[in-house]
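What follows is a single structure, written as structure tokens, with notes after it.
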Amino acid sequence: MIFPKRPRGDAAQTRDNADTRRLSRLVALARSALGVERLVPALAPMAGVALLFIASALLGLWQGLAPLPRLVGLALFFLAFVAAGWRLLRFVWPDKADAMRRLEGDAGLSHQPLSSYNDDLALAPDSSSQALWRAHRKRAAERLAALRAPTPKTDLVAGDPYGLRAAVGIV
């Protein structure tokens, strides 16, 4: 679980546990969506080179070549495949903070309410601070109820200004 349990009364504890489980699940889904968004543009050039190689093989471009030019062509495709994977060197899986910012941004929430959901009352509680704290927790739970699992937004157009992905599809 992402957020620790806090000792409370039975009804409040059950509600907090359900909210915590839901938030943990949403954060995990947001991390997955962000990971896909980062991984697809890194893998797309490699897939393009692989598809060009398969298309050239299916078109029979390799059949009429002598063994040495075939090996040179294969080596060039291999080098192009490896060079196309340079973005994978910079790939970093998103952390919990990235996922929470994505959830807040998609829901239009400001002032990082998801991180405040895990806050605890800092001072010795008196009746007025406890009432204020309960109101804060209620608003945080309402915001949490409005959150939805994000879907990946893979934008290959931004990473391919010349439209080379279309040429791969045409071949």
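The values are calculated or read from the model by the stated rules, or taken from the named source; none is laboratory data. Treat the numbers as computed from the prediction; the structure is a model and nothing was measured. Backbone-built Cβ (ideal geometry, glycine too); neighbour counts: all protein chains shown. When the accessible area is computed, the model is the full protein with side chains, heavy atoms only, and any ligands, DNA or RNA have been set aside. Shrake-Rupley method; radii C 1.70, N 1.55, O 1.52, S 1.80 Å.
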**Study point:** Unique residue being of a type in the set (A, V, I, L, M), under 30 Å from Leu114 (Cα atoms) and touching a residue at least 40 places away in the same chain (Cβ under 8 Å) when the list is Ala18, Ala42, Ala55, Ala97
**Key:** Ala42
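May I ask you to say which residue of Ala33, Ala66, Ala75 is open to solvent by less than 80 Å² (accessible area, probe 1.4 Å), at pLDDT 90 or above, within 30 Å of Trp93 (Cβ to Cβ) and out of contact with any strand residue (DSSP E or B) (no Cβ under 6 Å at 6 or more places or on another chain)?
The match here is Ala33.
Scan the stretch 10-21 and tell me whether some residue there is modelled with pLDDT of 90 or more, surrounded by 16 or more Cβ atoms within 10 Å (Cβ to Cβ), assigned to a helix (DSSP H, G or I) and in contact with a Phe, Trp or Tyr (Cβ under 7 Å, 6 or more places away or on another chain). Write out each step before concluding.
Our first condition is that a residue be modelled with pLDDT of 90 or more; within the stretch 10-21, this holds for none.
Among the residues of the stretch 10-21, not one is modelled with pLDDT of 90 or more, surrounded by 16 or more Cβ atoms within 10 Å (Cβ to Cβ), assigned to a helix (DSSP H, G or I) and in contact with a Phe, Trp or Tyr (Cβ under 7 Å, 6 or more places away or on another chain), which makes the answer no.
Please find, among Leu103, Leu156, Leu147, Leu121, the residue that is modelled with pLDDT under 80 and surrounded by 16 or more Cβ atoms within 10 Å (Cβ to Cβ).
Details: Leu103 fails: modelled with pLDDT under 80; Leu156 fails: surrounded by 16 or more Cβ atoms within 10 Å (Cβ to Cβ); Leu121 fails: surrounded by 16 or more Cβ atoms within 10 Å (Cβ to Cβ).
Selected residue: Leu147, the only one of Leu103, Leu156, Leu147, Leu121 that is modelled with pLDDT under 80 and surrounded by 16 or more Cβ atoms within 10 Å (Cβ to Cβ).
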